[in-house]
Each structure stands twice: as C-alpha cells, then as structure tokens.
1. For the stretch 1-106, max minus min Cα coordinate along each principal axis, in Å, sorted largest first?
2. Taking other Cβ within 10 Å of each residue's Cβ, how do Arg134, Arg380 sort, fewest first?
3. With a cap of 16 neighbouring Cβ atoms within 10 Å, and only residues DSSP puts in a loop, list the trypsin sites (Lys or Arg not before Pro) found in the stretch 458-508.
4. Just to be sure I understand, if you calculate Rg/Rh (Cα atoms, Kirkwood Rh) for this structure, which of [x] 1.01; [y] 1.06; [z] 0.99 do you get?
5. With no solvent and one point on each alpha carbon, what is the Debye value of log10 I(q)/I(0) for the stretch 358-434 at q = 0.20 Å⁻¹?
6. What do you get for GluC sites (Glu not before Pro) in the stretch 369-468 restricted to DSSP loop and a cutoff of at most 15 other Cβ within 10 Å of the site's Cβ?
7. Would you mind ranking Val128, Val202 so that the residue whose beta carbon has the fewest other beta carbons within 10 Å leads the list?
8. Measure nothing fancy, just the Cα-based angle from helix 655-670's long axis to the longest principal axis of the chain, in degrees from 0 to 90, nearest 10.
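Values in this text are rule-based calculations from the coordinates and carry no lab data. This one's a predicted model, so the numbers in the text were calculated from it and none came from an experiment. Heads up, the Cβs are rebuilt from the backbone with ideal geometry, glycines too, and the neighbour counts pull from every protein chain shown.
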Amino acid sequence: MPTTGPLLLLKKMREIMEQRITSQARLDKIVHLIAANMVAEVCSIYLAKAGGWLELFATEGLNKAAVHATRLKMGEGIVGDVALNGRPLNLSDAPAHPSFSYRAETGEDPYQSMLGVPITRSGRTLGVLAVQNRTHRHYGDEEVEALLTVAMILAEMVVSGSLGDLGEIDAGPRRDRPWRGSGASFCEGIAMGRAVLHEPRVKVEKLIADDPASERLRLDQAIVDLRNSLDALLAAEDHVITGETRDVLETYRMFADDRGWLLKLREAVFTGLTAEAAVERVQNDMRARMARQTDSHMLDRMHDLDDLANRMLRHLTGKSDTSAHELLPADTILFARTMGPAELLDYDRTKLRGLVLEEGSPTSHVAIVARALDIPLIGRIEGVIDQVEPGDWVIADGDSADVHIRPAHDVREAYRHKLALRAQRQAAFSAQRAQPAVTIDGERIKLMMNAGLIADLPHLEESGAEGIGLFRTELQFMISGEMPRLQNLVELYGAVLDNAAGRPVVFRTLDLGGDKVLPYVRPVSEENPAMGWRAIRVTLDRPALLRYQIRALLRAAKGRDLDLMFPMVAEVAEFSTAKALVQRELERLAKTKDQPPRKIRVGTMLEVPALAFQLPALLSMTDFISVGSNDLAQFLFASDRGNPRLGNRYDVLSAPMLNFLKLIVDGARSRGVPVTICGEMAGRPLEAMALIGLGFRSLSMAPASIGPVKQMLLSLNSGRLSTFMSELYGRSDHSLREYLKQFAINESVQI
C-alpha cells in the first residue's frame with residue numbers, strides 16, 4: 001500500500017459518512033472502498049448480534065446473497081476466533097488454520113489469504129472486519145494498522161446507533177434504557193438523583209484528522225505534558241495524590257516511557273486519526289487483548305493503562321481529573337470504580353446524595369466516611385461505570401444494595417412511596433429519641449455516635465446520642481491542603497466540645513496510614529499497609545506530631561472533661577509511651593498557666609489481638625477501652641477488610657469473634673474499667689443485640705444507626721439473650737448468625 005494509503009482511505013471514509021444514504025448502502029460503499037484501497041479481492045464486515053452470534057452485514061467479493069444470512073458463533077471460524085480473542089489474525093494460508101470453518105454459501109472457496117481485525121469499543125468486541133485474497137499473501141503492518149483504524153470508526157458507528165435501521169446490533173451496554181444492578185450495601189439509605197462520574201469520561205468528538213501533521217505535534221506535546229505532570233507528582237514533597245498510591249504513579253511513569261505504547265500511538269495518528277482518537281484506539285486494542293485475562297495482576301494493569309489513557313486524553317482536551325470541583329447537580333449520586341476517603345471529602349456535601357462503587361469494602365475508610373456523611377453507599381457492582389451516563393436519573397438503594405439507572409416511571413413511583421414509608425420510620429425513631437435506652441429487663445445501654453466532621457455535630461440532637469464515642473481527628477488533616485495550624489485545631493476541638501454541651505466526647509488521636517494519606521506528606525510504599533506503618537506507629541515515630549495534637553486537645557478542653565485514646569496499640573509499652581507524652585504536655589500546659597482540663601481520661605483502642613493477651617497489665621494503666629471491631633476482625637481472621645474477595649468470607653457473628661470479644665468485655669468488667677465498642681458491628685441491630693448479650697453496655701455507631709438499634713434494645717430481654725448465647729460459644733459453625741436471628745424472631749426482638 002502506498003504511503004498515502006491510510007490517509008486517503010480515511011479521507012474517502014469521511015466522504016462516505018457524510019453522504020445521505022441508507023446504512024446498508026454506507027456499509028456497502030465502505031467495504032468496496034477498503035477492498036480497492038488495500039488491493040484486496042474481498043472485504044467483509046461482520047457485526048455482533050444477541051446470543052453471541054456474528055452476522056455478515058456487508059461484503060465486497062463474497063456472494064451478496066450471504067449478507068444477513070451467514071452467521072457464526074463467537075469462536076467459530078477465523079472470524080469467530082478474531083472476535084472471541086479480540087486480536088487480529090494475519091494468515092497467508094487461511095484454510096490451513098485450525099479455526100477455519102468453510103461456509104459454502106459465501107463462495108469463499110478460491111481465497112487463500114485473510115486478515116481479520118476486531119471491531120472493538122471499551123474492551124468489548126462488536127464485530128470483525130476482514131479482507132481476503134486469492135494469493136498466499138501476508139499483509140503488511142501498515143495494512144493491519146489501516147484496517148484497525150477503519151474498525152475503530154465502524155465501532156463508533158455501531159455504538160452511536162447510526163446503523164439502527166439494519167436491526168438490533170449487540171453494541172454492549174445500552175445507555176438509553178433502564179438498567180438495574182445489585183451489589184453490597186456499605187451504608188444504608190435511599191437516594192434519588194442525577195449521576196456524576198468521579199472521573200468523567202473524555203468523549204472523543206472527532207476521529208478523522210484534518211491536518212495529520214498537526215495531530216502528530218499535538219500528540220507529542222501531550223506525551224511531554226503527561227511525563228512532566230507525573231514527574232512533578234513524584235518529585236514534590238507536598239503533592240496531592242488523589243486515590244493513587246506512589247507505586248501506581250511510578251507504574252504510570254513507566255508506561256509513559258514505554259516505546260511500544262508510544263509507537264502504537266504514533267502509528268495510529270499516522271493512519272489519519274486525531275490525537276484523541278489515536279489514544280482511544282490504542283487503548284481499545286489493549287482492553288480487547290487484556291479483558292479476557294483472569295489473573296488479578298493483569299486486570300490491575302488494565303485499570304492502570306485505562307487511567308493512563310484517560311490522563312492523556314485530559315491533557316489533550318484540557319479536562320479536569322475529577323468532578324469534585326465541577327458544578328454539581330443539587331442531587332448528585334457519585335459513581336466511581338474506587339475512591340479514597342480524602343477524594344470523597346473533596347465533594348460538596350450539601351449536594352452529595354449517594355455513592356456507587358464498582359469495588360470497595362464495607363469496612364474501608366471511604367465507607368466509614370460515607371456513613372459519617374450519612375449517604376447511602378453501594379459497592380461491588382461490576383461494570384456499573386459502563387452502564388451510566390452523566391446526568392442519568394439514578395436510584396441508589398442502600399437498604400437492598402440495588403442501583404437503578406434510568407428507571408421506568410413505575411419504579412420511580414414505587415421508590416417515592418418507599419421514601420415516604422422510610423420518612424415515617426424515621427419519625428418513629430425520632431419519637432423514641434428522648435426515651436432512655438433500657439432493655440425490657442432493666443439493663444441501661446449507652447448509645448453513642450461516631451463523628452469526624454463539624455457537619456456531624458447536629459446529629460447529636462437529631463439522633464438522641466448520649467455523646468460522641470469516637471471522634472476521628474484525622475479527617476481534618478486529610479481534607480486540608482496543608483498541615484492544620486495549632487490554633488485552628490484548638491478552635492475545632494473546642495467547637496466539638498461546645499456542641500456536645502457537656503456530653504462525653506472521646507477523641508481518637510491521628511489514625512493515619514493505609515488508605516488515609518495526607519495530601520502534603522509523601523506516602524510510604526508498603527506491601528501490606530493495613531498492617532504496616534500507621535496509627536500509633538506513625539505518631540510514636542513522629543512524637544512531635546502526636547504532642548502537637550495533644551497540645552491542641554488540652555488547650556481546647558480548658559475547664560472541661562477530656563477523653564482521648566490511641567489507635568492500633570499492639571502492646572502495653574506503646575500505650576505507656578503515648579500516655580507519657582500526654583503527661584509531658586500537661587506539664588508544659590502548667591508552665592504556660594493556661595487553664596487545664598477539669599479531668600482527663602486516657603484510653604486505648606483495642607484492635608490488635610496481641611493487646612488482649614496483656615489485658616491485666618493494660619487494665620491497670622488505662623482509664624477505658626474502646627474495641628474497634630473492624631480492624632480487630634481483620635487481624636483476628638487474617639482477612640484484608642479492603643479485599644472484595646474476602647469481604648463476606650468471615651462473619652463477625654461467629655464463635656471465634658464472639659469468644660474473643662467476651663474475653664475482652666469480661667476482663668474489663670472484672671477490673672471495673674469501662675469498655676465501649678465502636679466498630680461497624682455496633683451499628684447493626686442484630687450484631688448490636690449480640691454485643692449486648694456478650695455484656696457490652698456502651699455502643700458507638702453512625703448517627704443513622706442509633707434509632708434502629710434503640711428500637712431493637714427496647715424490645716430485648718438481655719438476660720434471656722445472655723443465657724441463650726452461653727450455649728453458642730462452643731459451636732464449630734461457620735457463623736452463629738442464623739441462631740441469633742431465630743432468637744430474635746422467637747422473642748419478638750425488632751431487628
């Protein structure tokens with residue numbers, strides 16, 4: 001093919017697409033043009049149909065009667081092989097290929113050589129474009145590139161619906177019809193609103209270049225800009241990393257220098273595509289090749305390449321990386337593959353109604369932040385990003401873990417009715433707000449709320465919480481662009497105590513690390529960050545940071561009670577060292593003659609199983625214990641709470657977990673040390689019931705959970721429950737959940 005072949009081909013393709021003719025006539029002209037341009041005797045277009053079929057839609061050289069009559073199953077014949085595996089086949093002796101399947105009605109007997117390329121979009125094969133010759137011919141690289149370029153344009157024609165008059169074509173997800181998906185509920189509630197993509201798609205409007213030379217320059221400049229931006233992120237001491245670890249950024253940088261990737265981009269532009277279309281075409285090819293991989297590492301690399309391609313497209317189009325600072329609808333439902341907690345906090349919380357994730361875990365920190373914001377969160381909905389368009393009407397049902405995109409009218413009406421019933425239920429909870437949390441047999445249960453933002457504080461009155469059992473102090477550090485000033489922290493902690501109006505507030509010192517990365521601190525790359533350098537380990541290695549925070553807390557308390565605790569303590573020695581820093585700051589406060597707290601209590605989180613085996617020594621030193629069931633379960637079962645494959649593998653309502661919790665609560669009560677549990681267990685009525693049966697009398701949870709948990713305990717006889725549970729601890733069942741449910745049913749406990 002002459003050098004001008006690809007450019008001339010695309011120029012004539014554009015002329016055909018601008019003509020006012022039927023879709024069939026357009027396809028007929030395209031196959032005729034390709035055959036002439038590539039000096040091929042046959043050119044054929046096969047498109048996907050429902051049920052996994054490929055149908056011959058147009059041909060130049062084969063029998064015309066075979067059009068819309070010849071069908072192949074995915075994987076059948078050479079055409080089916082190309083479609084199934086999503087990669088080109090270039091054969092000089094096609095009949096000798098093991099996938100060859102003879103179809104007499106096509107009249108392809110004399111043709112020996114064949115080049116077939118997949119018609120793909122977003123990793124999905126929509127059809128196959130093929131050329132054939134009588135001679136044993138091996139098609140050149142330039143011809144393969146030209147055919148792939150035309151295949152991309154055909155893919156755009158399919159997904160745009162411009163071939164709709166030829167019957168139903170399986171173009172993958174239809175974003176103009178109702179769609180429903182089910183996942184896992186990470187935060188209950190129902191939201192109705194408009195879809196916003198956390199990472200907006202960059203829609204390539206123009207495929208064929210007017211000036212190929214200028215497109216090559218644009219592509220080269222975008223490559224330079226991409227490299228520079230990644231270098232800046234990696235080099236800066238105070239850079240913002242929004243959800244990407246340093247490892248991923250370094251992987252991006254490696255890909256940005258990959259000669260093979262860059263060569264493919266330049267070859268795609270050389271064929272006559274715009275720079276944006278070249279990036280999309282190369283990424284479509286990579287998706288098609290990698291989409292059928294089952295290896296999780298390869299799938300992660302596919303996500304990395306997708307993200308890199310999106311970064312490149314944003315450099316070319318000047319679009320922003322996320323929607324956080326865009327003009328949002330008043331009823332935003334946010335969609336993302338995955339998110340970090342800091343990214344979620346970037347959004348205007350007055351407009352955020354719900355969050356939908358393709359991945360995630362109910363105990364991930366972004367889920368914890370979502371619960372703090374009281375927004376429904378549904379996760380683990382595979383492929384949902386491919387189904388939704390920005391602005392689509394969405395229902396996110398965190399109660400049933402369903403997501404409805406573009407719901408039909410009757411579905412909307414049903415949910416409006418459901419929301420009305422939910423409002424009635426909330427009104428019933430509100431009516432119980434002032435009622436003491438006392439079981440039928442007279443056991444007083446303290447119901448506290450978790451918080452981490454000033455925006456959480458009105459929930460104290462709304463929920464009827466008796467105080468704040470866990471105030472996560474790290475959120476303020478994460479949402480700031482720089483290290484918060486001491487006076488700002490004093491004002492923040494003072495405002496929390498003011499709003500509590502004498503009710504207890506337990507401040508947890510900084511729990512950083514893992515997926516909680518400060519935007520102004522270089523993150524540490526670790527193999528297993530959940531069990532790595534985080535929480536008390538960070539602040540004991542950086543004692544000035546811990547003293548800085550303690551100083552702010554002491555100054556904010558002035559004349560009031562102050563309760564503070566340390567996270568992820570693994571041994572008594574760590575607690576002792578941290579407590580000594582509190583004493584040093586108290587001595588410093590005395591020298592400054594500032595008013596000290598009226599009373600200070602220092603406690604610890606119990607999240608690391610090792611600490612329970614030093615319980616007597618710990619109880620002699622600590623003023624209180626707060627059990628963090630999320631991390632405790634993760635470490636007890638050696639099960640990464642952020643891994644979706646393990647999310648439902650172990651049950652907190654199992655004998656190992658309940659026995660371990662009973663060991664803690666019995667030990668604390670025997671020494672008269674107050675013990676609270678503040679993990680996700682506390683906020684679910686059935687789990688909270690089990691905790692009361694174990695002996696816990698103080699639970700801290702998301703504000704929205706207080707009503708349902710109080711309703712449960714008002715209908716509970718805790719003594720009968722404790723007796724019932726005493727028979728469960730020795731069982732070897734995977735879970736004790738069904739036994740506890742049956743108890744609740746038999747005893748009319750409202751769970």
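1. 37, 31, 24
2. Least crowded to most crowded, the residues run Arg134, Arg380.
3. Taking the stretch 458-508 and a limit of 16 other Cβ atoms within 10 Å, the loop trypsin sites (Lys or Arg not before Pro) found are Arg485.
4. Computing Rg/Rh (Cα atoms, Kirkwood Rh) and matching it to [x] 1.01; [y] 1.06; [z] 0.99 gives [y].
5. Those come out to -1.06, one per q.
6. Loop-located and lightly packed - Glu382.
7. Placing the least packed residue first, the sequence is Val202, Val128.
8. Rounded to the nearest ten degrees, it is 30.
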